[in-house]
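What follows is calculated from the coordinates using simple rules that are stated; it is not laboratory data. Not measured: the values here are computed from a predicted model. All Cβ positions, even for glycine, are placed from backbone atoms using ideal geometry, and neighbour counts span all protein chains on display.
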Amino acid sequence: MERLLREHTLKSEPENVFDILEERRRGSDISHALRTFSAQPYRGATPLSVSALNRMVQESQYLRYVISEIAVESGEPHECVKEEAVSILEEMSQNLQLSFIRLMGFALTKVFKRLFSSIRVNEDGLARLQQAIQEHPVILMPNHRSYIDFLVLSYIMFTYDLSIPVIAAGIPLMGMSLIGEILRRSGAFFIRRAIGSDKLYWAVLSEYVRTIVRTGFAPLEFYVEGLRSRTLKSLKPKLGMMQMVLEPFFKGEVYDITLVPISISYDRVLEESLLAHELLGVPKPRETTRGLLKARRVLEENYGCMHVYFGKPVSVRELAKGRIHRGQYNLIPRDLLLKLSVELQEFVSDVAHLLVQLQERDLVLSPWTLMALILLQNPDGVEWNTFTHKTLRLRTLAAQLGARIDWPAQLLDSEVMLSSMALHHSVAHFENGHVRLVEEAGPGPVTQEEAVFRRASAVLMCASYRNQALHVFTRPALVAVAMTSAPSYSKDDVFSRFCFLQDLLANEFIFMPGHAAQDFEEGCSGLLRCGALSICDHGLRVIEEEQDTIVFLSAVLKPFIETYQIVFRVLCEETFQTFTEKRFVPDVRAAIMKLFLSGEVRSYECLSSDTQKNALSALVRMGAVSKSRVAEQFEYRVNHSAVRRIWDTLDGSVTSKVPLYSRL
Amino acid sequence: MASNTDVSERQRSAQQRLRIIAGHLQKREENEHTALSAQECKAETSKSNAAKVPKRRQEVMKWNGWGYSDSRFFFNKKGQAEFTGKRYRLSGLILPSLKDWFEGTFGANLQHKTPATASLNVSAVPPPNLNEVFVEELKAAGVALSTDPEDRVFRSHGHCLHEIFALREGRIGRIPDLVVWPSCHDDVVKIVELACKHSVCLIPYGGGTSVSSALECPPEETRSIVSVDTSQMNRILWIDEKNLTAHVEAGIIGQDLERQLNESGYCTGHEPDSMEFSSLGGWVATRASGMKKNIYGNIEDLVVHIKMVTPRGVIEKSCQGPRMSTGPDIHHFIMGSEGTLGVVTEVTMKIRPVPEYQKYGSIVFPNFQQGVACLREVAKQRCAPASIRLMDNEQFQFGHALKPQVSSIFTSFLDGLKKFYITKFKGFDPHHLCVATLLFEGDREKVLQHEKQVYDIAAKFGGLAAGEDNGQRGYMLTFVIAYLRDLGMDYYVIGESFETSVPWDRVLDLCRNVKERIVRECKERGVQFPPLSTCRVTQTYDAGACVYFYFAFNYRGLSDPIHVYEQVEHAAREEILANAGSLSHHHGVGKLRKEWMRETVSSVGLGMLKSVKDYLDPNNIFGNRNLL
Ligand SMILES: Cc1cc2nc3c(=O)[nH]c(=O)nc-3n(C[C@H](O)[C@H](O)[C@H](O)COP(=O)(O)OP(=O)(O)OC[C@H]3O[C@@H](n4cnc5c(N)ncnc54)[C@H](O)[C@@H]3O)c2cc1C
């Protein structure tokens, strides 16, 4: 796995990117929708109809075992359990039909053409995918940043004669009456949330997924992050689906499985304002058909470019080589309901993390993501020339750290930035030579609190764009922060600092568990590459002239570290001895608001409920807060002294030799 | 009177059977080469003056390839394949489609030849390292022996690819220093005694058909190595018609045993594909399996009594009770011992009256999955015919390539199928369909009933009866396929077969994964043309099946083809084990698969085997180093 990641950092050879909308703008939409579709399927596939697939699942030995087991445990009649299984399957299953793909293709062409100036896809990636699809069952693993990308892969694959995937979708989508059915016929199958405890549901779903993979029914698409990311930052991968997908390989039911990381990014995200509201705790509208229709206003805007980068296919067999022992199923029927061995669980988790990291590395960044980072570091606005200067320096730094930046070479840099500004007029505006964040205009006079929220929503909106680029800086930045606070620059001291920080921020950024040493190495070599660091016998050394870089990189993590500090501080208050999951966000928000009003807190990013929750999870993980189930909900119990200890350690690590607040 | 007709009836059907099964033996040349054994052991022999294996095997068999010297494939001037000699049904025939198949499958070219060294370069053979006293005392005891280089080289190998490949290139490694030919049990006792006394290493040699490097001399062996060739211990000592058993010397080879028993109206029914050359002792020593095990059983089911000479003395049971509860069955230490514990000298085997009626058959399935499902069902209903084998599509196509120019029964699978194809097999994709071949045996009425039952099951899995000829041909080809490897080796193509046994639910997965692994490994190792990677299910059991793989590739452009070959085979075996397959169903472990023994039988299991070895042979007289 390290090898894959390392190869990845070294590559970045330019690829042939093209705009798939260009042809649509020239040709007729209807003939595109009616084009002859002839995909080369997986050559080992058993041709199956949708109903045959479902029958196979229903009649599987595995489900038979599980059903009898549940019947015995629950005392329910066997038949009833079986019926329930059938109805779960019915609720779940997709009904992929080419005619619906055509219909969707037609509609999507219209929508895409209106919303986006282009949809840029790497051609080589498509060619690799075409090859991969024929050889082994393929799992498409895109990130999920917007509702609009739900069918985009199907659309691309339809256009380029690749087998149409079936897609794992959340149940709420199904709830949307008409759309649910359309999606189902476009290949979506539906999964309930929080299914871990429902044995029958889990069994039906996992058998369904495995059967799709095993028979090579179609490429399978799922979001390893589980959800649409509200922060546009990668989410910690969910392992359930990943496990189901990999099991056929563990059990030797397929020769190999190919995982294809797909990185989708947007110049501008449709849901941008919604995202900020969600993060501030304004409840999100249910995903209803009506809701979507209301969003029609959204269709009037321009969203620039959508980037879809098909990453290099990853062979599960290669990953598993020397790591897992497939022979472990030799002495038991493979159809039994068994827990995965620890070895396999770790493998599943590593693979999931790896894929998220690969998604991150192939993410195409727009100039705006870099501009957003600079803007956030200058909350009171920045003068245009400084803004340009800093952005360009950041561009160089990001490129040195391996980012894929889509910066049009044929335009002047200032033109590029100005057009980004224009696209993001809702976030920032340019006035009297200054660039500032735009605050949402609201009706009438506002309370102090409302003012904070407005400001925060502008900041968080901007932050979400910056977040798309964070992974580029994470590891070097962690090394930088570790250096600024470690007792010495010896490698060991810096590394142990690094480990503490990484552990603390493990919900914030994606790190493969147990790979701290590799992450540290990577961070150091990133710093080496941009000339900010040298390594000698005694340890690390900052290169004087590049002190700035270290300072800047530390500042990248500042908003997160600050939020953690504040959450820790709040949790140390008496009122937070015990609390329920439900109360956490509103109570913490209220407490932080108080600190805002008293001027003790100034960073608006502290209001992100996402970061707050991550801080809480970190405490749970580190044993300073305990989580238990009390009557239908989770209850947290804070160990104040433990929290304080972590807080102190963190504080120690940010009271630094180098001022943290200077900027690039 | 009645019994008379019975006998002649039996003899007639015996003869018919001979024609069919061992039917490849068209004309059997009487072998004049009589043994020069100094002393005849006293034993009652059933009268038979048929050919036996000569001491100088190289005079009838190839020294660097498979089978009889007079029988081989070659491409004639017109580029057509021919099979020489008169022994087999294919002998003297032209096989016009073989060239296209060969070139198409392997990317081989008749212009690119890799001929073998024509004859053994005797000067390249290392001089024997003899233990003089041992040799003297052996001579005094009247045991036939030889230090002739040809005799020694002939017994230095089995039929693994690397062994034959080296011989073709004229490379000779460590070989036995001496060959001895005991002619009876007592001779063996003497040999073993003397070996112990003079610290000489003994390697039993039966038919020499081993495919596990079992016969290879350990290069690190410093003692004198003596090959104990059992071929002259080849008599049927008695036949017990009341209990239907026969007591036989262990050196007898399969075809002689069957022919001689047939003459009395009996058979053992044990027919490994190597039965033309492999010996009874070899079967016992490797736990062999015969094609018709469904009726007659594998060697462990057939054996009633075994006598083995070990450095500790002779081991045997005191009676011939059909089953005993007397602790662990000591036969099971002997069976599969691969020459590491002693020499098997005499065996009492079950015999059966020659069956009245035999019928071949074949079934075409739309694909391999359906075929496997059918075999599984047949096994479940416990109605497997004497033999049932399922070939995958590649082998089905290969069958086509072996179609001779003129011959009624040899109409190709495809041709034979064509007329069905139009009427019946519509919808069968010739690139997916596969064939099962069947052999039924027994009394006529039962066979016909049985046949119906099997075809009815097949129909449930989309299988259609495809005629007797296709079936019969499939079985007869078995005997000539072994000769094909030599042809391949003349043109840069090397190959081998290997086998495993596996639970039913894993059969398909194992077949697919192993075949795929072979293809991928070849590619990764620079093999330029996709290999032939094919399999068949050759035996069915209650709880699983035996699967047999063929694997061959064109090695042009590779500097060390054998190494590549071995790496791929190694990977394929790893794949088998990862897919719940066994280390071996019948070929044995030898030295080739030794590295996996511990994981196969556990450390404790290995320790058990070691302690038996330590007790029976503390000085490692039987030093072929197989198994452990
Ligand atoms: C083309 C071909 C087809 C084959 N088909 C089959 C098949 O269908 N079924 C099957 O089971 N196998 C098959 N084999 C493998 C092989 O024929 C068997 O392993 C056979 O049992 C070996 O007998 P052999 O007499 O040739 O023994 P050898 O090859 O001479 O010896 C094999 C091992 O047994 C030991 N040994 C031999 N004789 C004695 C003895 N009297 N006492 C103690 N140890 C002894 C030897 O030391 C050696 O370790 C096939 C091989 C080939 C090349």
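Counting only the backbone N, which residues of region B:125-164 are under 17 Å from the spot 7 Å out from the Cα of B:Asn619 toward its beta-carbon?
B:130-138
Taking a ≥ b ≥ c as the square roots of the eigenvalues of the Cα gyration tensor of region B:277-333, is the shape rounded (a/c under 1.5), prolate (a/b larger than b/c) or oblate? Numbers along the way, then the final one.
Values: a/c = 2.43, a/b = 1.30, b/c = 1.87.
In terms of gyration-tensor shape, oblate.
Could you work out how far apart the two model spin labels at A:Ser419 and A:Ala631 are, taking each label as a point 7 Å from the Cα in the direction of the beta carbon, and quote it in nm?
6.1 nm
Starting from the Cα-Cα distance between A:Arg583 and A:Glu343, subtract it from 0.36 nm times their residue separation and give me the gain in nm to one decimal. List each step's numbers first, then the result.
Values: separation 240, 0.36 × 240 = 86.40 nm, distance 3.72 nm.
Full extension of this stretch gives 82.7 nm more.
At 15 Å minimum axial length over the Cα atoms and a Kyte-Doolittle cut of -1.0, report the qualifying DSSP H helices in chain B, or say none. Don't skip to the answer; put the middle values down first.
On the way: long enough: B:2-20 (27 Å, -1.37); B:185-198 (20 Å, 0.04); B:368-380 (18 Å, 0.14); B:413-423 (16 Å, 0.36); B:444-460 (25 Å, -1.05); B:468-489 (33 Å, -0.11); B:507-524 (25 Å, -0.51); B:561-578 (25 Å, -0.26); B:597-616 (24 Å, 0.17).
Within chain B the helices that satisfy the rule are B:185-198, B:368-380, B:413-423, B:468-489, B:507-524, B:561-578, B:597-616.
Once both labels are modelled 7 Å past Cα along the beta-carbon direction, what's the A:Leu227-B:Ser602 spacing in nm?
4.8 nm
Quote to one decimal, in nm, the extra length available between A:Asp503 and A:Ser598 on full extension: 0.36 nm per residue of separation minus the C-alpha distance between them.
On the way: separation 95, 0.36 × 95 = 34.20 nm, distance 3.15 nm.
Once the chain is fully extended between A:Asp503 and A:Ser598, it gains 31.0 nm.
What distance in nm separates the two pseudo spin-label positions at A:Glu383 and A:Asp198, each 7 Å out from Cα along the beta-carbon direction?
Simple spin-label model gives 6.1 nm for this pair.
Considering Cα pairs under 8 angstrom that are at least six residues apart, work out the relative contact order of region B:534-594 and quote it in whole percent. Intermediate results must be reported in sequence, preceding the final value.
Values: 30 pairs, mean separation 10.9, N = 61.
So the answer I get is 18 percent.
Taking the Cα atoms of region A:47-151, report the difference between the largest and smallest coordinate on each principal axis, in whole Å and largest first.
59, 32, 27
May I have the pair-distance distribution P(r) for chain B, computed from all Cα-Cα distances with 20 Å bins from 0 and rounded to whole percent?
Percent of Cα pairs in each bin: 19, 56, 25, 1.
For B:Gln320 and B:Cys383 in the same chain, what is the full-extension length gain: residue separation times 0.36 nm, less their Cα-Cα distance, in nm? Intermediate results must be reported in sequence, preceding the final value.
Values: separation 63, 0.36 × 63 = 22.68 nm, distance 2.95 nm.
In short, 19.7 nm is gained.
Of B:Ala118, A:Gly240, B:Leu93, which is farthest along the charge dipole of the protein assembly as shown in the positive direction, counting Lys and Arg as +1 and Asp and Glu as -1 at C-beta?
So the residue we want is B:Leu93.
Contact order normalised by length for chain A, with contacts defined as Cα pairs under 8 Å and 6 or more residues apart; what percent is it? Each step should come with its number before you reach the end.
Working: 1031 pairs, mean separation 88.1, N = 664.
Result for chain A is 13 percent.
Using alpha carbons only, how many degrees (0 to 90, rounded to 10) separate the axis of helix A:98-115 from the longest principal axis of chain A?
The angle comes out at about 20 degrees.
Give, as a single signed number, the net charge of other residues whose beta carbon lies under 9 Å from the beta carbon of B:Glu496, with Lys and Arg counted +1 and Asp and Glu -1. If you can, show how the numbers build up before the last one.
Working: positive: B:Arg485; negative: B:Glu569.
Surrounding charge for B:Glu496 is 0.
If you average the alpha carbon positions of region A:466-526 and of region B:187-222, how far apart do those two centres end up, in angstrom?
Each part reduced to its Cα centre gives a spacing of 65 Å.
Return a single number: how many Lys pairs in region A:477-633, at a sequence separation of 8 or more or on separate chains, have alpha-carbon atoms below 22 angstrom apart.
Values: A:Lys558/A:Lys594; A:Lys558/A:Lys613; A:Lys582/A:Lys594; A:Lys582/A:Lys613; A:Lys582/A:Lys627; A:Lys594/A:Lys613; A:Lys613/A:Lys627.
Counting lysine pairs in region A:477-633 gives 7.
Using a 10 Å cut-off on Cβ atoms, rank the peptides B:114-120, B:280-286 from the highest mean neighbour count down. Present the calculation step by step, with values, prior to reporting the outcome.
Working: B:114-120: 13.6, B:280-286: 29.7.
The most tightly packed comes first, giving B:280-286, B:114-120.
Could you work out the mean count of beta carbons from other protein chains within 10 Å of each residue's beta carbon in A:331-341?
Working: counts 1, 1, 2, 5, 1, 0, 0, 0, 0, 0, 0.
Taking all residues of A:331-341 together, the mean is 1.
Projected area of region B:453-581, taken from the Cα convex hull and averaged over every viewing direction, in nm²? Intermediate results must be reported in sequence, preceding the final value.
On the way: hull surface 36.5 nm².
Orientation-averaged projected area of the Cα hull: 9.1 nm².
B:Gly339: net charge of surrounding residues, Cβ under 13 Å, Lys/Arg +1, Asp/Glu -1, itself excluded? The partial results should precede the final answer.
On the way: positive: B:Arg155, B:Arg287, B:Lys591, B:Lys613, B:Arg625; negative: B:Glu216, B:Asp229, B:Glu338, B:Asp617.
Taking every other residue near B:Gly339 into account, the sum is +1.
Stokes-Einstein D for chain A at 20 °C, 1.002 mPa s, Kirkwood Rh over Cα pairs, in µm²/s? Walk me through the intermediate numbers first.
Working: Rh = 26.4 Å.
Reported coefficient: 81 µm²/s.
Would you kindly calculate the translational diffusion coefficient of region A:497-592, applying Stokes-Einstein with the Kirkwood radius from alpha carbon pairs, for 25 °C and a viscosity of 0.890 mPa s, and quote it in µm² s⁻¹ without decimals?
Details: Rh = 16.1 Å.
Here the translational diffusion coefficient equals 153 µm²/s.
Roughly how big is the protein assembly as shown's charge dipole about its Cα centre, with Cβ charges of +1 (Lys, Arg) and -1 (Asp, Glu), in debye to the nearest 20? Numbers along the way, then the final one.
On the way: 150 positive and 153 negative charges, 379 e Å.
So the magnitude is around 1820 debye.
Where does the protein assembly as shown land at 222 nm, in deg cm²/dmol rounded to the nearest 500, when only DSSP H runs of n ≥ 4 count, each adding -39500 (n - 2.57), divided by all residues? Provide the component values of the computation, followed by the final result.
Numbers: 46 runs with 579 residues, N = 1292.
After summing the helix terms and dividing by residue count, I get -14000 deg cm²/dmol.
Counting only other residues whose beta carbon sits under 9 Å from that of B:Cys160, what net charge do I get with K and R as +1, D and E as -1? The partial results should precede the final answer.
Details: positive: none; negative: B:Glu163, B:Glu216, B:Glu496.
After counting each charged neighbour, the total is -3.
To the nearest whole number, what is the average tally of beta carbon atoms from other chains within 10 Å of the beta carbons of peptide B:570-577?
Numbers: counts 0, 0, 0, 0, 2, 3, 0, 4.
For peptide B:570-577, the averaged partner shielding equals 1.
Give, rounded to the nearest 20 debye, the magnitude of the charge dipole that chain A has about its Cα centre when Lys and Arg contribute +1 at Cβ and Asp and Glu contribute -1 at Cβ. Spell out each step's value before the answer.
On the way: 75 positive and 78 negative charges, 126 e Å.
Dipole about the Cα centre, nearest 20: 600 debye.
Looking at the square roots a ≥ b ≥ c of the eigenvalues of the Cα gyration tensor of region B:250-359, which shape do they give, rounded for a/c under 1.5, prolate if a/b is larger than b/c, or oblate? Before the final figure, lay out the partial values.
Values: a/c = 1.97, a/b = 1.56, b/c = 1.26.
The shape class here is prolate.
With a ≥ b ≥ c the root eigenvalues of the C-alpha gyration tensor of the protein assembly as shown, is it rounded (a/c under 1.5), prolate (a/b larger than b/c) or oblate? Walk me through the numbers on the way to the answer.
On the way: a/c = 2.51, a/b = 2.13, b/c = 1.18.
It comes out prolate by the Cα gyration axes.
Find the relative contact order for chain B and round it to a whole percent, using C-alpha pairs within less than 8 Å whose residues are 6+ positions apart.
Normalised by residue count, the contact order of chain B is 16 percent.
Answer with one residue from B:His400, B:Leu244, B:Asn619: the one whose Cα lies farthest towards the positive end of the charge dipole of the protein assembly as shown, charges on Cβ with Lys, Arg +1 and Asp, Glu -1.
Working it through, the farthest residue towards the positive pole turns out to be B:His400.
Going highest first, how would you order A:375-386, B:186-197 by mean Cβ packing within 10 Å? Could the numbers behind the result be given before it?
Working: A:375-386: 16.8, B:186-197: 20.8.
Result, highest mean Cβ count within 10 Å first: B:186-197, A:375-386.
Assuming R0 = 22 Å, what is the FRET efficiency of B:Phe74 and B:Ala124, from their Cβ-Cβ distance, to the nearest 0.05?
Working: r = 26 Å, r/R0 = 1.17.
According to the calculation, E is roughly 0.30.
Just order B:474-483, A:162-171 by mean Cβ neighbour count inside 10 Å, highest at the front, would you? Could you put the intermediate results ahead of the total?
Numbers: B:474-483: 20.4, A:162-171: 22.3.
Ranked by mean Cβ neighbours within 10 Å, highest first: A:162-171, B:474-483.
Can you compute the charge dipole magnitude of region A:410-499 about its Cα centre, using +1 on each Lys and Arg Cβ and -1 on each Asp and Glu Cβ, nothing else charged? Give it in debye, rounded to the nearest 20.
Numbers: 7 positive and 9 negative charges, 64 e Å.
Value, rounded to 20: 300 debye.
Got a sec? Charge dipole of region A:443-599, +1 on Cβ for Lys and Arg, -1 for Asp and Glu; which of A:Leu571, A:Ile550, A:Leu505 is way out at the positive end?
With unit charges placed on the Cβ atoms, the residue in question is A:Leu571.
Go ahead and run the numbers for FRET between A:Leu34 and A:Arg621, Cβ-Cβ distance against an R0 of 60 Å, rounding to 0.05.
Details: r = 53 Å, r/R0 = 0.89.
Approximately 0.65, to the nearest 0.05.
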